[in-house]
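Each remark here refers to the structure printed beneath this line.
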Amino acid sequence: MRAHRILHFFAVLFAVACLLGTSATAQQGKGKSHTLEGKVEGVQADRLTVNHGKVEGYMDAMTMPYKVDKPDLLKQVKVGDRITATVYDGDYTLYDVHVVPPQSKDKKK
Ligand SMILES: [Cu+2]
């Protein structure tokens with residue numbers, strides 16, 4: 001969906017702006033929550049790049065970077081891991097991330 005890609009472009013810009021020192025505003029007022037499932041495609045210093053499936057009512061399937069609620073996660077999660085997480089409207093942060101054991105990867109869809 002084109003509009004969403006544009007949104008994502010701004011989300012990435014926003015993330016970069018945060019990196020450059022603007023204070024994060026992600027915590028103000030959480031919107032509706034959604035469950036996200038996807039595969040980790042990259043682990044950065046402060047973010048995970050996730051190739052996720054369609055998140056009903058939130059976004060189409062795509063690969064994009066997300067911040068995480070607990071930075072320790074970035075030491076545990078590896079490229080190729082499948083994860084589930086909770087995301088909130090307007091907040092490109094993964095909350096309550098779980099790594100899905102490989103044998104159960106197709107169970108949920
Ligand atoms: Cu997305």
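Any read-out appearing in this document is the output of simple, stated calculations on the displayed coordinates, not a laboratory observation. What you see is a predicted model; the values in this text were computed from it and never measured. For neighbour counting, all protein chains shown are included, and Cβ atoms are generated from backbone atoms with ideal geometry for every residue, glycine included.
Could you please find all residues in segment 57-86 being more than 14 Å from Val43 (Cα to Cα) and hydroxyl-bearing (Ser, Thr, Tyr)?
Tyr58, Thr84, Thr86
For segment 35-47, what are the residues that are more than 12 Å from the ligand (Cβ to nearest atom) and of a type in the set (A, V, I, L, M)?
Within segment 35-47, Val40, Val43, Ala45 qualify.
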